[in-house]
Amino acid sequence: MLVSAKEMLNKALEGKYAVGQFNINNLEWTKAVLLTAQENNSPVILGVSEGAGKYMGGYKTIVGMVNGMMEELNITVPVSLHLDHGSYEGALKVIEAGFSSVMFDGSHYAIDENIKKTTQIIKIAEEKGLSVEAEVGSIGGEEDGVVGNGEIADAAECQLIANLGVTMLAAGIGNIHGKYPENWKGLDFTALAAIKAVTGDVPLVLHGGTGIPESMIKEAISLGVAKINVNTELQLAFAESTRKYVEAGKDLQGKGFDPRKLLAPGFAAIKAAVKEKMELFGSVNKA
Ligand code: 13P
């Protein structure tokens, strides 16, 4: 059964580790992430962006797939199905469809509007037992065609949003989605410490987990980050393995064109990447 992310994140905050949110794109992604979580006895959050939701045939399709897989594959570790960077309308839709967690990203609104809309989503989500992630300070880079500015979140604004009763809070600290540029300055730990000081026990979320050096991940966790989102890295791993398979001409040998064979190396690559992150984040054996 899908669970809210509340308990797993509060436990992570207390135990000084982080739970990975791995964004899913299709059946192979979902199966790879779920099996890896089970094999490593780790809690896990499946992230679905609005674009990926549309791609996979709608939120209800995803809920059906994930619930079915958890039952058929005997997945017993805590799994949360979470909307990533949701709009107000998107958030309402996934609550109806049966997700167990939702992010309402109001970071592009003025703070008053962000507060108003986040408050409404919390009220609706709480009635159904879903966890809620809010965002302050938009996270840069490109995701689903939406390009954020990459801001350092204002600590006072973070405090206002945290006080609304959100389950977890994403705050920009120089992190961006996708690959980091050569001249990236790194995460702003002074800003993170200032945000932590005024947001109390609210687990903080680090977006843009792809390509952040290990030492920075560890420092972020020590300063109160309890959820780390990873998307691009799994896409790169999948693409590289699939390309190698095709470039080696394996799809032309025997039944190598069968999707069960063609997609197998990419599937294995996703599993390996997820395992590596779970080890780095410290969530192995924390289910
Ligand atoms: P990356 O694609 O950089 O890993 O970021 C993922 C993310 O933050 C999803 O919200």
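Each reported figure results from applying straightforward, stated rules to the coordinates on display, with no laboratory input. Note that the structure is a prediction, hence the values are computed from the model and not measured. Note that each Cβ is placed from the backbone with ideal geometry, even for glycine, and that neighbours are counted across all protein chains shown.
Summary of values
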read-out	value
Top-ranked residue in the range 72-99 [being within 16 Å of the ligand (Cβ to nearest atom) and outside any strand (DSSP E or B); ranked as nearest to GLY20 (Cα to Cα)]	PHE99
Odd one out for THR190, checked against (1) under 15 Å from MET103 (Cβ atoms); (2) hydroxyl-bearing (Ser, Thr, Tyr); (3) away from the ligand (no atom under 15 Å from the Cβ)	(1)
Candidates ASN41, ASN23, ASN114, filtered to the one that is within 16 Å of the ligand (Cβ to nearest atom) and among the polar types (S, T, N, Q)	ASN23
Enumeration of residues in the range 61-93 that are closer than 23 Å to GLY172 by Cβ, crowded, with 19+ Cβ neighbours inside 10 Å and in contact with a Phe, Trp or Tyr (Cβ under 8 Å, 6 or more places away or on another chain)	HIS82, LEU83, GLY86, ALA91
Single condition GLY58 does not satisfy, out of (1) under 18 Å from GLY98 (Cα atoms); (2) buried (at least 16 other Cβ atoms within 10 Å of the Cβ)	(2)
Residue identified as away from the ligand (no atom under 16 Å from the Cβ), under 27 Å from SER80 (Cα atoms) and touching a residue at least 24 places away in the same chain (Cβ under 8 Å) among GLY178, GLY211, GLY174, GLY165	GLY165
Complete set of residues in the range 243-285 that are in a helix (DSSP H, G or I) and under 17 Å from GLN21 (Cβ atoms)	ILE270, LYS271, ALA273, VAL274, LYS275, GLU276, LYS277, MET278, GLU279, LEU280, PHE281
Candidate set from the range 100-134 (those that are part of a strand (DSSP E or B) and out of contact with any Ser or Thr (no Cβ under 6 Å at 6 or more places or on another chain)); member that is farthest from GLY58 (Cα to Cα)	GLU133
Selection count, the range 195-217, where residues are surrounded by fewer than 20 Cβ atoms within 10 Å (Cβ to Cβ), among the small types (Gly, Ala, Ser) and within 21 Å of LYS16 (Cβ to Cβ)	3
Complete set of residues in the range 229-278 that are of a type in the set (D, E, K, R) and in contact (Cβ under 8 Å) with a residue 60 or more places away in the chain	LYS271, LYS275, LYS277
Residue count for the range 1-16, restricted to those that are buried (at least 23 other Cβ atoms within 10 Å of the Cβ) and under 16 Å from GLY282 (Cα atoms)	3
